[in-house]
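One structure is given here, and the rest of the page talks about it.
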Ligand SMILES: [Zn+2]
């Protein structure tokens, strides 16, 4: 008889999760709380109970600070017409802005027992399949994640991109659509690419 299996998949995103939907002090506070308290506690609960999870982490927050994003093709969404990195502290790092960066947390997750899987929740949490997304940006999101995987010596595994389920079907023909994102994911060496409810 096949034993039942439960997969625990967590999105870890701090303030990247919804700054485009609502940017406020509350959001930053929530991001800081996740960094300092929420995620470390969750990791403790998992390890104490002998559980492994897949942590889909926004690539840009895996580092101590933002890499050079000047070469990244811009996106302009109807719901967020500003440049995508408008709110991200360009000169900040994990110490000054823990609501945006979590390198030490990634390290904690990597060193945990039992082993936790580290995946990517895209590079900068742009919604795929939405009007405003481009093929060039989708490719760049994968490439930046591949670069971070190499830099941090993390195996390229899962890539969980953000999409709104109800819009997935009608967005198949759009630039950066889920189907396109998945095929690029395969070419960039990621084992899986799947959609997730927004944010
Ligand atoms: Zn998300």
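Under 15 Å from a label point 7 Å along Cα→Cβ of residue 152: give me every residue in region 51-67 with its amide N that close.
54-67
Across bins of 5 angstrom width beginning at 0, how are the C-alpha pair distances of region 1-144 distributed, in whole percent?
Spelled out bin by bin, region 1-144 gives 2, 9, 18, 21, 18, 14, 9, 5, 2, 1, 0, 0 percent.
Which order results if 130, 74 are arranged by neighbouring Cβ count within 10 Å, fewest first?
Final ranking by Cβ density, sparse to dense: 74, 130.
Going by how many other Cβ atoms sit within 10 Å of their own, how do 159, 190 line up, fewest first?
Ranking 159, 190 by Cβ neighbours within 10 Å, fewest first, gives 190, 159.
Given 4 °C and 1.567 mPa s, how large is the Stokes-Einstein diffusion coefficient of region 63-148 in µm²/s, with Rh as the Kirkwood radius over Cα pairs?
Taking Rh from Cα pairs, D becomes 90 µm²/s.
Roughly how far apart, in whole Å, are the Cα centres of region 1-72 and region 114-147?
First find each Cα centre; the distance between them is then 14 Å.
Please order 37, 148, 57 by the number of other Cβ within 10 Å, starting at the fewest.
On the way: 37 10, 148 21, 57 28.
Final ranking by Cβ density, sparse to dense: 37, 148, 57.
Every read-out reported here was derived from the displayed coordinates using simple, explicitly stated rules and does not represent laboratory data. All of these numbers come straight from a predicted model, not from anything done at the bench. Backbone-built Cβ (ideal geometry, glycine too); neighbour counts: all protein chains shown.
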